[in-house]
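What follows is one structure encoded as structure tokens, with my remarks underneath.
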Amino acid sequence: MYVYDEHDRQILAERVAQFRDQTNRALAGELEEDEFLPLRLQNGLYVQRLAPMLRICVPYGMLRSDQIRRLARITRDYDKGYAHFTTRQNVQLNWPAIEDVPDILEELSEVEMHANQTSGNCIRNTTTDQFAGVQDDEIADPRPYCEIIHQWSTYHPEFAFLPRKFKVAVNASERTDRAAIQVHDIGLQMVRNDKGELGFRVHVGGGLGRTPMVGPVIREFLPEPDLLTYLEAILRVYNRYGRRDNKYKARIKILVKALTPEGFAEKVEKEWEHTRNSPTRLTREAIERMQGYFTAPDYQALDNATDLLAQQRFEHRAFDQWLSHNVTTHKKPGYAIVTLTVKETGTPPDDVSDRQLEQIADLADEYSFGEARVTHHQNVVLADVRQDRLFELWQALQPIGFATPNLDTLTDVICCPGGDYCALANAKSIPVAESIQRRFDDLDYLYDLGRIDLNISGCMNACGHHHVGHIGVLGVDKKGEEFYQISLGGSSQHDASIGKILGPSFARDDMPEVVAKLIGVYVEKRTEEEEFLDTYRRIGIQPFKEKVYA
Amino acid sequence: MPEIITQDGTIKQDDWVLVSRPEEGESLQLPEKQPALIPMDIWLADPHAIVHKPGLGIWLESHDEPERLEGMVNDLPLIAVNFPKFSDGRGYSIGRLLRERLGYRNELRAVGDVLLDQLQFMKRCGFDSYALRPDKDINKAARCLNFFSQSYQAATDTDIPLFRRRAG
Ligand code: SF4
């Protein structure tokens, strides 16, 4: 994991001092509300329906146990004792007092954390695969590149006032795309060219929100050292030509569409010609230096614990289920990747208490070299667990509720905070997730259904990524009442697609039944090896429509 | 006389007058005794046509294309870039292009909605003087120009990004 040096520490200390000064001036009335707004947003502080929220940056989802403990302490001392995991691998506090925020930021800085650029019209936290570095299908570990991008984008003087927010994601796996890069402003797919050289395929202009789009490719192969100069060229074209007259048309996807991907690419290439050989071009040494931070932990030479696990599975059916669903193959023999499911029916999805955070920190220390990761699905990953200790870990997880083996099933819902917390919401989203979780509480049935992504957003802003859910749910407002529109067939994987709207929306109480009917159609029509998305793609939306609106 | 901040944080008296774009059918109104900044495109229409003894410079709107000044920038003693709203970030790109691409060496000034907390970004993007919005406390400018003692990326102020300094 990345470790700060004296430069990082100094810059962050200056940032905290700056925000303290800005907050003091705001509280003293020297800064107008609209002047303070972007400053506090770029320090993670935004105000929602009920209270200010502080979005804390977790670069590409990685946390050390001491950082998790500090988060726990902060939620206790400054907040109501719980935090929320976001779909961008960040952590959010829901009720901090504005005047406390500089102190919170100072406490975070002591453990090399911050809330920089987690909000506002700037370059946001760069995200990647939560299994980065521990799976064997990676072109290369994406995290060094994420950290390089992260540092380059931190307080970038030219791009602090973009037309809109700007999100970059990197994916390194050839098989899957857990980082959903094609629905980001910039999506970077790591690739190797014919000569075996490392580089990136560059997607620009993907996004969700009102105008969902899959990002077109503007460059098939960007050599590794050119990463930053090329990003800078894209950002400069966007900063200069992106629309600023209408915030709904201000994302880069609208510019790419207006210029066409070819036209946009041409502008970027032209800009890049001027800067590609500037000192911002990465050096081999800088890349290797960064890679040095992301070396493998102190793995032991182990064999796979195949026999032991087989026996434990045989003896404990629940362990067997958990192993099949929440444990993933590790590239190192004898190790495994474990996903803790933080979502339990009856608690708001994705909220964790201070106590749970401390439990996660303890588990990370005990089982996974003191590190944990936050996923886009708002779960927590222990990436380096010894196979011969999986049973012990599973037993430890049971009493604290992190072992629900529902990963990637219908009840592993992605859900935005919605009307319970968010000022922009048209409708609540958490109760919908809960009612569906309750309706489908039979695990065997869930496993039989296979992978189904159910994504719920409380409004068009699509924080719950409903467009790319196999089943997407969007809260809408109909004459002051909360309704829910369903879309089918979205995907954020390599075969990314935007879901199609099923038809008229439904009342909240009907939602579990409607979802059950959709599932019914799938079960009836599927062939042996088909998952929900395959069946949908084969038979189309019509049979689902007929059943639901019959 | 209005006060201007320079990039080292000093306050100087300055009498350049920003001449706004004339309305339809009206002509450009230059001040009699003071140096004047005129809209870029009016100057570009014929760079030798307007002679103004006290001094002549130009100003750019945030949507103007600085590339149009290629080869001529250093004929001008002062170029100003207007920030119509502080949240309009186009001026930062214009600053860098004028300095780094077009090689502009004379004074580059930020005008318009210029507030304290953006000064260091402006400095990093090549601006070396700032006409602070009059309601802002000019005595706080020097501090705001120097919140950060170093930076991660290259810009106009330094072409050496931190990753290269770390190597050294
Ligand atoms: S999708 Fe809408 S309701 Fe949900 S968190 Fe985002 S802005 Fe709020």
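The values are calculated or read from the model by the stated rules, or taken from the named source; none is laboratory data. Worth saying up front: this structure is predicted, and the values here are computed from it rather than measured. We place every Cβ from the backbone using ideal geometry, glycine too, and count neighbours over all the protein chains shown. For the accessible areas, the whole protein counts, side chains as well, though only heavy atoms, and no ligand, DNA or RNA atoms are used. Shrake-Rupley method; radii C 1.70, N 1.55, O 1.52, S 1.80 Å.
Looking at A:Ala423, A:Ala403, A:Ala396 in this structure, which one is more than 14 Å from chain B (Cβ to nearest Cβ) and within 13 Å of the ligand (Cβ to nearest atom)? Before the answer, list the steps.
Numbers: A:Ala403 fails: within 13 Å of the ligand (Cβ to nearest atom); A:Ala396 fails: within 13 Å of the ligand (Cβ to nearest atom).
Sole residue among the options that is more than 14 Å from chain B (Cβ to nearest Cβ) and within 13 Å of the ligand (Cβ to nearest atom): A:Ala423.
Any residue at all in the range A:308-325 that's surrounded by 10 or more Cβ atoms within 10 Å (Cβ to Cβ), in the same structural domain as A:Phe369 (by TED's automatic domain parsing) and closer than 30 Å to A:Tyr145 by Cβ?
There is no residue in the range A:308-325 that is surrounded by 10 or more Cβ atoms within 10 Å (Cβ to Cβ), in the same structural domain as A:Phe369 (by TED's automatic domain parsing) and closer than 30 Å to A:Tyr145 by Cβ.
Does B:Gly71 count as of a type in the set (Gly, Ala, Ser) and open to solvent by less than 20 Å² (accessible area, probe 1.4 Å)?
Values: of a type in the set (Gly, Ala, Ser): yes; open to solvent by less than 20 Å² (accessible area, probe 1.4 Å): no.
Answer is no for this residue.
Taking A:Glu266, is it within 14 Å of chain B (Cβ to nearest Cβ) and charged (D, E, K, R)? Break it down into steps so the answer makes sense when it comes.
On the way: within 14 Å of chain B (Cβ to nearest Cβ): no; charged (D, E, K, R): yes.
It is false that A:Glu266 is within 14 Å of chain B (Cβ to nearest Cβ) and charged (D, E, K, R).
Mind telling me which of the residues A:Leu449, A:Leu443, A:Leu410 ends up being more than 14 Å from chain B (Cβ to nearest Cβ), over 24 Å from A:Asp509 (Cβ atoms) and more than 16 Å from the ligand (Cβ to nearest atom)?
Only one candidate qualifies: A:Leu443.
Here is a list: B:Phe163, B:Phe121, B:Phe148. Which entry is in contact with a Phe, Trp or Tyr (Cβ under 9 Å, 6 or more places away or on another chain), assigned to a loop (DSSP other than H, G, I, E, B) and open to solvent by 10 Å² or more (accessible area, probe 1.4 Å)? Before the answer, list the steps.
Working: B:Phe163 fails: assigned to a loop (DSSP other than H, G, I, E, B); B:Phe121 fails: assigned to a loop (DSSP other than H, G, I, E, B).
Among B:Phe163, B:Phe121, B:Phe148, only B:Phe148 is in contact with a Phe, Trp or Tyr (Cβ under 9 Å, 6 or more places away or on another chain), assigned to a loop (DSSP other than H, G, I, E, B) and open to solvent by 10 Å² or more (accessible area, probe 1.4 Å).
Is there a residue being open to solvent by less than 10 Å² (accessible area, probe 1.4 Å), at the interface with chain A (Cβ under 8 Å from one of its Cβ atoms) and either more than 16 Å from the chain's Cα centre (by Cα) or within 27 Å of A:Arg276 (Cβ to Cβ) (or both) anywhere in the range B:98-111?
Looking for residues that are open to solvent by less than 10 Å² (accessible area, probe 1.4 Å), at the interface with chain A (Cβ under 8 Å from one of its Cβ atoms) and either more than 16 Å from the chain's Cα centre (by Cα) or within 27 Å of A:Arg276 (Cβ to Cβ) (or both), one finds none in the range B:98-111, hence no.
Tell me, yes or no, whether the range A:453-473 has at least one residue that is surrounded by fewer than 19 Cβ atoms within 10 Å (Cβ to Cβ) and away from the ligand (no atom under 16 Å from the Cβ). Outline the logic, then answer.
Initially, the range A:453-473 is screened for residues surrounded by fewer than 19 Cβ atoms within 10 Å (Cβ to Cβ), giving A:460-461.
Those still in the list that are away from the ligand (no atom under 16 Å from the Cβ) too: none.
Checked the range A:453-473: no residue is surrounded by fewer than 19 Cβ atoms within 10 Å (Cβ to Cβ) and away from the ligand (no atom under 16 Å from the Cβ).
Looking at the range A:164-189, which of its residues are more than 14 Å from every other protein chain (Cβ to nearest Cβ) and touching an Asp or Glu at 6+ places or on another chain (Cβ under 7 Å)?
Restricting attention to the range A:164-189, the residues satisfying the condition of being more than 14 Å from every other protein chain (Cβ to nearest Cβ) are A:167-189.
Once the filter is applied, which keeps residues that are more than 14 Å from every other protein chain (Cβ to nearest Cβ) and touching an Asp or Glu at 6+ places or on another chain (Cβ under 7 Å), the range A:164-189 yields A:Lys167, A:Val168, A:Asn171, A:Ala172, A:Ser173, A:Glu174, A:Arg175, A:Arg178, A:Ala179.
Restricting to the range A:399-436, count the residues that are at positive phi and crowded, with 22+ Cβ neighbours inside 10 Å. Lay out the reasoning, then the answer.
To start, the set of residues in the range A:399-436 that are at positive phi comprises A:401, A:408, A:418.
Going one step further and asking which of them are crowded, with 22+ Cβ neighbours inside 10 Å, we end up with A:418.
Qualifying residue count, the range A:399-436: 1.
How many of the residues making up the range A:131-163 are away from chain B (no Cβ under 11 Å), open to solvent by 10 Å² or more (accessible area, probe 1.4 Å) and out of contact with any Asp or Glu (no Cβ under 6 Å at 6 or more places or on another chain)?
8
In the range A:475-491, how many residues are open to solvent by less than 50 Å² (accessible area, probe 1.4 Å), within 16 Å of the ligand (Cβ to nearest atom) and either farther than 17 Å from A:Lys545 by Cα or in the same structural domain as A:Ala169 (by TED's automatic domain parsing) (or both)?
3
Within the range A:47-95, track down each residue that is modelled with pLDDT of 95 or more and small (Gly, Ala, Ser).
Of everything in the range A:47-95, those that are modelled with pLDDT of 95 or more and small (Gly, Ala, Ser) turn out to be A:Ser65, A:Ala72.
Looking for something among the aromatic types (Phe, Trp, Tyr) and either open to solvent by 20 Å² or more (accessible area, probe 1.4 Å) or free of Cβ contacts under 8 Å to residues at least 24 places away in the same chain (or both) - is there at least one such residue anywhere in the range A:207-230? Step through it out loud before you land on a result.
Narrowing the range A:207-230 to residues among the aromatic types (Phe, Trp, Tyr): A:221, A:230.
When the remaining residues are screened for being either open to solvent by 20 Å² or more (accessible area, probe 1.4 Å) or free of Cβ contacts under 8 Å to residues at least 24 places away in the same chain (or both), the result is A:221.
Checking the range A:207-230: at least one residue is among the aromatic types (Phe, Trp, Tyr) and either open to solvent by 20 Å² or more (accessible area, probe 1.4 Å) or free of Cβ contacts under 8 Å to residues at least 24 places away in the same chain (or both).
Looking at the range A:281-292, is at least one residue under 14 Å from A:Tyr230 (Cβ atoms) and open to solvent by 50 Å² or more (accessible area, probe 1.4 Å)?
Taking the range A:281-292 as the starting set, the residues that turn out to be under 14 Å from A:Tyr230 (Cβ atoms) are A:281-282.
Going one step further and asking which of them are open to solvent by 50 Å² or more (accessible area, probe 1.4 Å), we end up with A:281.
Yes, that holds for at least one residue.
Applying the selection to the range A:427-456, what residues are within 22 Å of A:Ile501 (Cβ to Cβ), touching a Cys at 6+ places or on another chain (Cβ under 9 Å) and in contact (Cβ under 8 Å) with a residue 60 or more places away in the chain?
A:Ala427, A:Val432, A:Ala433, A:Leu454, listed by residue number.
Pairs needed: first member in the range A:244-256, more than 22 Å from A:His203 (Cβ to Cβ); second member anywhere, open to solvent by less than 30 Å² (accessible area, probe 1.4 Å) and among the small types (Gly, Ala, Ser); C-beta distance under 7 Å; at least 6 residues apart or different chains.
Pairs that qualify, where the first residue is more than 22 Å from A:His203 (Cβ to Cβ) and the partner is open to solvent by less than 30 Å² (accessible area, probe 1.4 Å) and among the small types (Gly, Ala, Ser), are A:Arg244/A:Ala250.
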